[in-house]
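Here the structure comes first, spelled out in structure tokens, and everything after it is commentary.
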């Protein structure tokens, strides 16, 4: 009997799950069909975004974008379908998904549904995969032009994304006259990590001529011609050429029934990565309330998700097992092209290790192999 798995989201979780099912489950269920619904025909290697937003960050866009469809041509014909579109609504009771495509709305029925739509920045900055490949390229190129033209750049938010971007900007422009400022509402940057990690980051950022403003929030941003006027919680105001807010990440769940979401609009999942209050529905990654929204945790969830889907599709529901969380802090933060800091568990990562693992190229050489296999 034919089984159809619909996967919403063509980023890390969606691609890896599709590969996992086609490798492991298709041989046991020859008429299995996997439908991957993605707003983009390409995977965006968004972990490299802090460098990709710079005009000279990478030699070509192909280093951070890879087409999805060719990687799945090796599987039997009819077993995989890529649909360029965006989920508009889900009917958990009727087991259907309505998708908006360029040719109109399409409805897809499923036996099992995987929600892997991730998260995005409310301000639309190209730090997450959102929109079509064309839209992503346009947003990325637009921000690059603005960075090239700006003489004063303010970043708000001193989490990893803000700090990494500040480091890249400082390395490229800090000694060339651009004024780069990082604003944080905390007393130290990288507030979610060990204090020593934040202090190291601040020390290296200052070496790159990045100014840091502590215990301050941007309360309002008002366009003033080609510039932006920022109102700060201190009562001060700044007129800057470019404002980059690296805060406000939201799960992409607007198409889902509210009963399935928590108070922060995350999709609620149980210990098996099944969606609570629904049947035959699963989820993983940044769209869920399972763990911190970080690739390292999503990559650990994927094998368990694939294993549980395989058990259900094969009729071995007794083999569905719990996802064992490992919430050990793991964060590597490059600071420009030669330095870095981070934390693994209770240990501070040495700069050279962060540079080797991530800072050299933000792992972009692994993009092609990931799209081709679903593993890094």
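Read-outs throughout are calculated quantities, based only on the coordinates presented, and are distinct from any laboratory measurement. What you see is a predicted model, and the numbers here were worked out from it, not measured in a lab. Note that we place each Cβ from the backbone using ideal geometry, even for glycine, and neighbour counts take in every protein chain shown.
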Determine, for 362, 121, the number of other Cβ atoms within 10 Å of each Cβ, and report the residues in order from fewest to most. 121, 362
Can you sort 147, 376, 15 so the residue with the fewest Cβ neighbours within 10 Å comes first? 376, 147, 15
What nm value, rounded to one decimal, do you get for the distance between residue 175 and residue 318 when each label is placed 7 Å out toward the C-beta? 6.8
Using only Cα atoms, find the angle between the long axis of helix 12-24 and the longest principal axis of the chain, and express it within 0 to 90 degrees, rounded to the nearest 10. 30
Using only Cα atoms, find the angle between the long axis of helix 195-207 and the longest principal axis of the chain, and express it within 0 to 90 degrees, rounded to the nearest 10. 60
Computed over the range 227-295, the relative contact order (Cα-Cα under 8 Å, seq sep at least six) in percent reads 20
Let me check against my output: what whole-number percent is the relative contact order of the chain, with C-alpha pairs under 8 Å and at least 6 apart? 19
Would you order 195, 229 from fewest to most other beta-carbon atoms within 10 Å of each residue's own beta-carbon? 195, 229
Share of antiparallel DSSP beta bridges in the range 1-135, in percent to the nearest 5? 50
Output the relative contact order of the range 231-374, whole-number percent, from Cα pairs under 8 angstrom with separation of 6+ residues. 12
Taking the DSSP beta bridges in the chain as the whole, what percent of them are antiparallel, to the nearest 5? 55
Centre separation in Å (Cα based) which lies between the range 127-189 and the range 225-257: 12
Output the 0 to 90 degree angle, nearest 10, between the alpha-carbon long axis of helix 295-313 and the longest principal axis computed from the alpha carbons of the chain. 10
